[in-house]
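Colleague: Below you will find the structure I want to go over with you.
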Amino acid sequence: DSGVTQTPKHLITATGQRVTLRCSPRSGDLSVYWYQQSLDQGLQFLIQYYNGEERAKGNILERFSAQQFPDLHSELNLSSLELGDSALYFCASTPWDGSNEQFFGPGTRLTVL
Amino acid sequence: TQLLEQSPQFLSIQEGENLTVYCNSSSVFSSLQWYRQEPGEGPVLLVTVVTGGEVKKLKRLTFQFGDARKDSSLHITAAQPGDTGLYLCAGAKSGGSNYKLTFGKGTLLTVNP
């Protein structure tokens, strides 16, 4: 158990819908990273937040957005869902900005039908 | 463009055999990490290598970082069924206060009893 929690574990929805994935970092960790994992693309970095502020962006679509709240939990919002958005979504946390050890949550499996 | 190429993509061996998996790139990384991911879980960090030519051992696992810091290998001696999983390498580039990782697609290892 990494100490990072993600909910829900599984999510099944339809094309065009909007969903919100939630992540709670390890106690005391200030930085949260979001990743998307699919069979063809592997694990892709989406976005990073540090202490409530966006710090880095990766391959995140405009239909996707995220935020980190004062209690440090983070949410990833996915809208206008397409079949190709079906994937595993992971968050990871680190204690500070430049820490090189990321602790991953168990992931949310999103299926878009 | 996949910056990190891992090979082989799939590997199925018998318990007790040795194996080596590779992680190659045309880019230079400030450090490289190896993770293992089991079904239904997030990746778990195994090791971080920083110096070109560095070799690190973790029980039956030996990790090597190439002299030019562009490639790495993971050697497992006397593999056991518990070693089964997806092995991911991830490279980090220096600069800035964040620590953005670029992941390979992984090697899926199956060790049969």
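The values are calculated or read from the model by the stated rules, or taken from the named source; none is laboratory data. Since the model is a prediction, treat every value here as computed from it, not as a measurement. Quick reminder, even Gly has a Cβ in these numbers, built from the backbone with ideal geometry, and neighbours come from all protein chains shown. Just the protein is used for accessible areas: all its heavy atoms, side chains included, with ligands, DNA and RNA removed. Shrake-Rupley method; radii C 1.70, N 1.55, O 1.52, S 1.80 Å.
Colleague: Report those strands (runs of 3 or more DSSP E) wholly inside segment A:7-90 carrying at least 2 residues which are in contact (Cβ under 8 Å) with a residue 24 or more places away in the chain and facing chain B (nearest Cβ under 10 Å). Give the derivation first.
Modeller: Working: elements: A:10-13, A:19-24, A:31-38, A:42-50, A:53-57, A:64-68, A:74-78.
In segment A:7-90, the matching strands (runs of 3 or more DSSP E) lie at A:31-38, A:42-50.
Colleague: Determine whether segment B:72-79 contains at least one residue that is under 30 Å from residue A:48 (Cα atoms), open to solvent by 20 Å² or more (accessible area, probe 1.4 Å), more than 10 Å from every other protein chain (Cβ to nearest Cβ) and of a type in the set (A, V, I, L, M, F, W, C).
Modeller: no
Colleague: For segment B:48-71, how many residues meet the condition of being open to solvent by 40 Å² or more (accessible area, probe 1.4 Å), touching a residue at least 12 places away in the same chain (Cβ under 8 Å) and not acidic (Asp, Glu)?
Modeller: Selection size over segment B:48-71: 8.
Colleague: Please count how many residues of segment A:76-86 are open to solvent by less than 10 Å² (accessible area, probe 1.4 Å) and closer than 18 Å to residue A:58 by Cβ.
Modeller: So the count comes out to 3.
Each row is one residue, and each column tells you yes or no for (1) part of a strand (DSSP E or B); (2) touching a residue at least 60 places away in the same chain (Cβ under 8 Å); (3) closer than 29 Å to residue A:89 by Cα.
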residue	(1), (2), (3)
B:33	yes, yes, yes
B:42	no, no, yes
B:46	yes, no, yes
B:82	no, no, yes
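Colleague: Please pick out the residue among A:43, A:72, A:30, A:39 that is modelled with pLDDT of 95 or more and aliphatic (A, V, I, L, M). Explain how you work it out, then say what you get.
Modeller: Values: A:43 fails: modelled with pLDDT of 95 or more; A:30 fails: modelled with pLDDT of 95 or more; A:39 fails: modelled with pLDDT of 95 or more.
Of the residues listed, the single one that is modelled with pLDDT of 95 or more and aliphatic (A, V, I, L, M) is A:72.
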